[in-house]
Amino acid sequence: MRKIFAIAACAAAAFAADAATYEAKWESLDKRPTPSWWTDAKFGIFIHWGPYAVPAFAPVPEDGKFHWDCYAEWYQGKMLAGKKAFLDHHASHYGKAPYGNFAAAFRAENFDAAKWAKLFKQAGAKYVVLTSKHHDGFALWPSPESPYYNAVAMGPGRDLAAEFCREMRAAGLKRGFYFSMLEYANPLYPAIRDGKPGASALTIEEWNARVNFPQLKELAEKYEADVIWPDGEWDYPSARHCSEAYLAWLFNESKVKDSVVVNDRWGSDCRGRHGGHYTTEYVAEGGSAAGLSAVHPWEECRGIGNSFGYNRFETPAQYMSREKCVETLVKIVSAGGNLLLNVGPAADGRIPAVMQDRLLAMGRWLAVNGEAIYATTRWEDAPAALKEKRVYFTRKGDDLYAICFAWPKDLEIAKTGVVKSVTLLGSKAEVAWKAKDGGVVISPAPLAPDALPCEHAWAFKISR
């Protein structure tokens, strides 16, 4: 009987109409192009915010380097997994109090979505993805499937997702939601983190039909998400998550069917293979490179520090400098990707000053050099050897952009073809150059510090 119910639940999730453009199978779904607004955007903001911002803890390695235990948003999961650093911290600061107590202490009393939107706009971001529900199961909106464990029923007493959407829309920013397909300690979830599913656990098909699909549908329909960004999919393959059925409905029938963007985290078999844009995670620090691609739209997600959720114990050694933030964006875009850069607000809703500082620095740089970033593509003939000199390339139509993190001297670039002119973005100063063997040599005169158009890196436009 249980097996019959599971099959019926999966079938019931097949929302797509008979005359659907996209069938509920990867062969069809994978043909849907990623909407151009996203491929042109290049830079988005990720936000991890929930009860885990109350303890705001993850161990900080002495060498300052990234590792998988750095994630403060995994606080509950790490305790359930018996990680000593998390257990010791909790016992020392909170005794035997259950993790659920943090939901009541998560007050968001200083949350101002309009201030967030203003900051993200000044940073030069084009879209923002908020964590609607992380692995702890706490929803930032009044979800009927989480009736007693959401931001209206306890803690803030507010529909944080609605406030977020309203202000991002007013600022002209695309907005979307991260969504966890698992919940650490929900007795209904069939693979809870301590490895001991209870007698009331559903099958994964039932779980998706009763919890995930209704919540994902509400985010698309009620909140009109521009981005649906699932995670926590790794316990089961996409066939058992019935992900193809949901996506067929999303792409064929939902309010956002023509504009919505999705990632590749729809099952343990999907990353870098199926879904919308592919994803990497802390790829430069040795994280996940599953979605790295030279031909498919992809996105790197990472924090300004080593955690997504706010970790009050991180030091300057963990935070990227202003220049590294800019270079991370440039490096990702030059390789054909988007950067989804995370901020982790404190429990009261304020974004830490160091994160604001880094975002504003990126905004100042993009105000001058955005032409070399937005709506650009990877230049296939970019000389790889110049990466060692921190020179990166993007392309827009016939124009090339050489972005240099040190002032260049006789910068030789092969395979440019016929060049008409070379200019420095943000400056009226003439740039000396000459053609050479089908390429170009750029020899800009040194500029006084107060004559430089920006900090950190300079973009030379090569018009052809």
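Things worth noting here:
- Helix-only mean residue ellipticity at 222 nm for the chain, each DSSP H run of n ≥ 4 adding -39500 (n - 2.57), per residue, nearest 500: -7000 deg cm²/dmol
- Scattering curve values for the stretch 304-448, log₁₀ I(q)/I(0), Debye with Cα scatterers, q = 0.10, 0.11, 0.13 Å⁻¹: -0.42, -0.50, -0.66
- Debye, to nearest 20: dipole size of the stretch 78-187, +1 on Lys, Arg Cβ, -1 on Asp, Glu Cβ: 420
- For Tyr184, the amide hydrogen comes within under 5 Å of the amide hydrogens of Asp136, Gly137, counting only partners 5 or more places away or on other chains and with H modelled in the peptide plane.
- For the stretch 27-127, the spread of Cα positions along each principal axis, largest first, Å: 50, 39, 33
- Gap separating the Cα centres of the stretch 369-428 and the stretch 177-236, nearest whole Å: 44
- Pairwise inverse Cα distances across the chain, averaged and inverted, put the Kirkwood hydrodynamic radius at 23.4 Å.
- C-alpha long axis of helix 84-94 to longest principal axis of the chain, angle in °: 70
- In the stretch 295-373, the portion of solvent-accessible area held by carbon and sulfur atoms comes to 55 percent [1.4 Å probe, whole percent, DNA, RNA and ligands not counted].
- Helix axis angle, 160-170 relative to the chain longest principal axis, alpha carbon, degrees: 30
- Computed E for Glu224/Ala435 - FRET, C-beta separation, R0 60 angstrom, nearest 0.05: 0.75
- Relative to the longest principal axis of the Cα atoms of the chain, helix 113-122 runs at roughly 20 degrees.
- Using a probe of 1.4 angstrom and keeping all protein chains present, the accessible surface of the stretch 188-287 works out to 31 square angstrom per residue.
- When the chain is described by a simple charge dipole with +1 on each Lys and Arg Cβ and -1 on each Asp and Glu Cβ, the residue from Ile47, Thr203, Val419 located farthest towards its positive end is Val419.
- Reported value for the stretch 126-261: 103 Å³ per residue, from the convex hull of its C-alpha atoms.
- The Cα center of the stretch 315-334 and the Cα center of the stretch 97-116 differ in position by 28 Å.
- About the centre of its Cα atoms, the chain shows a dipole size close to 540 debye [charges on the beta carbon of Lys, Arg (+1) and Asp, Glu (-1) only; nearest 20 debye].
- Measuring how big the stretch 294-351 is from its alpha-carbon positions, Rg and Dmax come out at 13.1, 41 Å.
- Carbon plus sulfur fraction of accessible area for the stretch 125-227, probe 1.4 Å, in percent: 53
- Accessible surface of the stretch 417-456 [probe 1.4 Å, protein heavy atoms]: carbon and sulfur percent: 55
- Distance between modelled label sites at Glu27 and Ala191, nm, 7 Å Cα→Cβ extension: 2.7
- Taking a sphere under 10 Å around the Cβ of Asn110 and counting the other residues whose Cβ falls inside, with K and R at +1 and D and E at -1, yields a net charge of 0.
- Cα lying deepest toward the dipole's positive end in the chain, options Ile332, His277, Val260, charges on Cβ: Ile332
- q = 0.18, 0.20, 0.22, 0.30 Å⁻¹: log10 I(q)/I(0) that the Debye formula gives for the stretch 283-325, counting C-alpha atoms only: -0.64, -0.75, -0.84, -1.14
- Take the Cα of Ala85, step 7 Å toward its Cβ, do the same at Arg169, and the gap between the two points is 4.1 nm.
The values are calculated or read from the model by the stated rules, or taken from the named source; none is laboratory data. Quick caveat: nothing in here was measured; it's all calculated off a predicted structure. Counting neighbours? That spans all protein chains shown, and the Cβs are built from the backbone with ideal geometry, glycine included. Surface areas here come from the heavy atoms of the whole protein model, side chains and all, with no ligands, DNA or RNA. Shrake-Rupley method; radii C 1.70, N 1.55, O 1.52, S 1.80 Å.
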